[in-house]
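First up is the structure itself, then whatever we jot down about it.
Where a number appears in this text, it was derived from the coordinates with a stated rule and is not lab data. Quantities reported herein were computed from a predicted structural model and do not represent experimental measurements. When we count neighbours, we look across all protein chains shown, and the Cβ atoms used for this are built from the backbone with ideal geometry, even at glycine.
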Amino acid sequence: MRSRGVHHVEVSVINYEESVQFYDKMFGWLGYSSFWTLDIEYRSTYYMTRPPFPHSYIGIQPAKSDQPIKYEDRPTGIHHIALYAKSKREVDQFYHEFLIKEQVAVTDPPEAYPHYAPGYYAVLFLDLSGIRSKSFNTK
């Protein structure tokens, strides 16, 4: 079987409505847009950078638990979600214009990670459920 890459990732969040507001703002800043909300046994909202063209997307859905993830404990599951930035400058802008402005919990401020790859530069942060993400660039 041939792989075309990751189709989508879904994460479960503690407070769905507040999380949708957070992700709408965050993904909006990063150039993503919500392209679909699905109501089946639960509600899911999906975000993509270039709808309606085929591309990987991220979905959020309500969690059954009300306990936030503690990434530092390295629980089973996703450790972090990496969101590609166009440049180091865009990582810095995202940090100052979105993360700081919106008072998002930053676990690692912008810095170089040359041990990952030449030019690797990232900022890491937590959403309202403790799910860790990063904005990064490798140029």
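The figures follow:
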| read-out | value |
| --- | --- |
| Label point distance in nm, residue 74-residue 15, each placed 7 Å from Cα along Cα→Cβ | 3.1 nm |
| Rg followed by Dmax, in Å, when region 8-137 is reduced to its Cα trace | 14.6, 45 |
| Amide N proximity, region 89-105 versus residue 138 label position 7 Å along Cα-to-Cβ, cut-off under 20 Å | 89-92 |
| Beta bridge orientation in the chain: antiparallel %, DSSP, nearest 5 | 65 percent |
| For region 8-137, with +1 on Lys and Arg beta carbons and -1 on Asp and Glu, the positive-most of 44, 114, 135 along the dipole | 114 |
| Label point at residue 112 placed 7 Å out along Cα→Cβ; residues across region 76-94 whose backbone nitrogen lies under 11 Å | none |
| Exposed GluC sites (Glu not before Pro) absent - longest run of the chain, DSSP non-H/G/I/E/B, at most 16 other C-beta within 10 Å | 42-101 |
| Size of charge dipole - region 8-137 - debye, nearest 20, with Cβ of Lys, Arg +1 and Asp, Glu -1, no other charges | 380 debye |
| Folded to 0 to 90 degrees: helix 16-30 orientation relative to the chain principal axis, Cα | 40 degrees |
| Nearest-0.05 FRET efficiency for residue 40 and residue 96, computed from C-beta distance (R0 41 Å) | 0.60 |
| 3J(HN,Hα) from dihedral phi, region 76-89, Karplus parametrisation 6.51/-1.76/1.60, rounded to Hz, x for glycine, proline | 4, x, 5, 7, 6, 10, 9, 10, 5, 10, 6, 7, 4, 4 |
| Residues of type lysines that residue 134 reaches as a straight line, Cα spacing below 24 Å, ignoring anything fewer than 8 places off in the same chain | 25, 70, 86, 88, 101 |
